[in-house]
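The block underneath contains the structure these notes are about, expressed in structure tokens.
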Amino acid sequence: MTDALLVSNALLWCMVVALGLVVLALTRQVGLLHERIAPAGALAVAKGPAVGEPAPSMELLNLANQTLAIGGDDVRERRTLLFFLSPTCPVCETLLPTLTRVTREEPRVRVVFASDGERDEHIAFARSHGLDASRYVLSRELGLRFEVAKLPFAVLIDAAGIIRAKGLVNTREHLESLFEAQDRGVASIQEFLDRESPEPPKTRVAGGRSGR
Amino acid sequence: MDPVFHWVTRIALAILFASAAHHKSQDLQGFGATLREYRILPSRWVASGSVALAASEGLLALLFLSGFALPMASAAAVFLLAVYSAAIGVNLLRGRRQIDCGCLGPAGSQPLSAALLVRNAILGFGAALVFLEPIDRSYSAIDLLSIAGGTATLVLLFSASSQLVAQASSSRQIGSPS
């Protein structure tokens, strides 16, 4: 009798643990599905100057103490990617290698890093990440004009100074989606998805994953 | 309390705290950034605070496993979980739901939610159970099976439910207007 109970108990525990493993595997699969169906686009926020409007025209001082113009016509006909970051934002740091590569490989795109706070802290941050000090501006007003509430935030401005795409960017794909949005003539990937399906399911409406 | 329940709770808690300490020590800088986002500790204490939390979780895992100073370990674990819950609760009240809770380690981020408070309450109840002395009785082979199977199932279900909570909170965040 005791042997039978022992065997049955062992068998039951094996099956319970196996079921636990299956449940864990299923939840992981659900997580993977979540990531796959979430549109890889920058989350567009309806704050600040809208896409299609001219970017606020500003003359700012960069970390190398030279003036740097934001907005208005670019004499060299480059697009400007304005990237709002903070040295204390871990997600911003993960995007820096992609941005330095864009700076190096895309001469028609001017990447400008924007932040505010202690100048010395930013100089050390720019140096440690190999960022060009002449493309790094500190301006509280710039953030206020674009109404940046969450980081990392990026704005793509065309050569004529018009905002072409903007949004919260958490991944390289989100950054790419800004350029893709401009190429397709939409304000954001969210608008593109809305156009593709007139009645999108609820999870697709807002799109993109929000930042920390 | 029956020794089977005592051992299952003790070993499961030891595994939980050891894995939490491991996550934190793997990426102390990342955990520091998460801790700073909670906006509870002054920034100059964040670095030492993250080391202290990781170390105390590691110590709790050792105490639960070894059985040394068990009543103290049980009280300390309840206190630590209460501190975590208070930090989460304060940020939920502040409306800062979008920050990472720091529960999943470097593997992923999970926004704050009330479900985390429920989770911590259940864990705290488990930690408080360890405070009770197990009754003195002889062990049989079935007891060993129950302890091994129970612990494994508890740990698996805990990881699965943590993932479900993380997914539920992040999909809610996707759907909500920012």
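The values are calculated or read from the model by the stated rules, or taken from the named source; none is laboratory data. Bear in mind that the values here come from a model prediction, so they are computed numbers and not experimental data. Methodologically, a virtual Cβ is constructed for each residue, glycine included, from the backbone with ideal geometry; neighbour enumeration extends over all protein chains shown.
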### Matching entry among A:THR88, A:THR94 (being polar (S, T, N, Q), under 25 Å from B:ARG36 (Cβ atoms) and part of a loop (DSSP other than H, G, I, E, B))
A:THR88
### Query
Here is a list of conditions, (1) in contact with a Ser or Thr (Cβ under 9 Å, 6 or more places away or on another chain); (2) of a type in the set (Gly, Ala, Ser); (3) surrounded by 15 or more Cβ atoms within 10 Å (Cβ to Cβ), and B:SER140 meets all of them except one; can you say which number that is?
(3)
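Test B:GLY32 against the criterion of being without any contact (Cβ under 8 Å) to a residue 40 or more places away in the chain and either in contact with a helix residue (DSSP H, G or I) (Cβ under 9 Å, 6 or more places away or on another chain) or surrounded by fewer than 16 Cβ atoms within 10 Å (Cβ to Cβ) (or both), and give yes or no.
In short, yes.
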### Message
For the stretch A:62-78, check the following and say yes or no: at least one residue is in contact (Cβ under 8 Å) with a residue 24 or more places away in the chain, over 18 Å from A:ARG140 (Cα atoms) and buried (at least 19 other Cβ atoms within 10 Å of the Cβ).
### Response
no
### Message
Looking at B:LEU156, B:LEU80, B:LEU117, B:LEU145 in this structure, which one is farther than 14 Å from B:TYR38 by Cα, at pLDDT 95 or above, part of a helix (DSSP H, G or I) and in contact with a helix residue (DSSP H, G or I) (Cβ under 7 Å, 6 or more places away or on another chain)?
### Response
B:LEU80
#### Entry: Test result for A:LEU33, under 17 Å from the mean Cα position of the chain (by Cα) and not aromatic (Phe, Trp, Tyr)
no
### Task
Mind telling me which of the residues A:VAL148, A:VAL137, A:VAL155, A:VAL111 ends up being in contact with a Phe, Trp or Tyr (Cβ under 9 Å, 6 or more places away or on another chain) and within 14 Å of chain B (Cβ to nearest Cβ)?
A:VAL148
### Task
Output the number of the condition that B:SER85 fails; it satisfies all remaining conditions of (1) farther than 27 Å from B:PRO134 by Cα; (2) surrounded by fewer than 17 Cβ atoms within 10 Å (Cβ to Cβ); (3) away from chain A (no Cβ under 14 Å).
(2)
## Note on the structure
In the stretch B:120-142, residues that are within 14 Å of chain A (Cβ to nearest Cβ), in a helix (DSSP H, G or I) and within 14 Å of B:PHE5 (Cα to Cα) total 1
### Message
Residue pairs, Cβ under 7 Å, 6 or more apart or interchain, first in the stretch A:104-128 and among the acidic types (Asp, Glu), second assigned to a helix (DSSP H, G or I). List them.
### Response
A:ASP116/A:ARG140; A:ASP116/A:GLY143
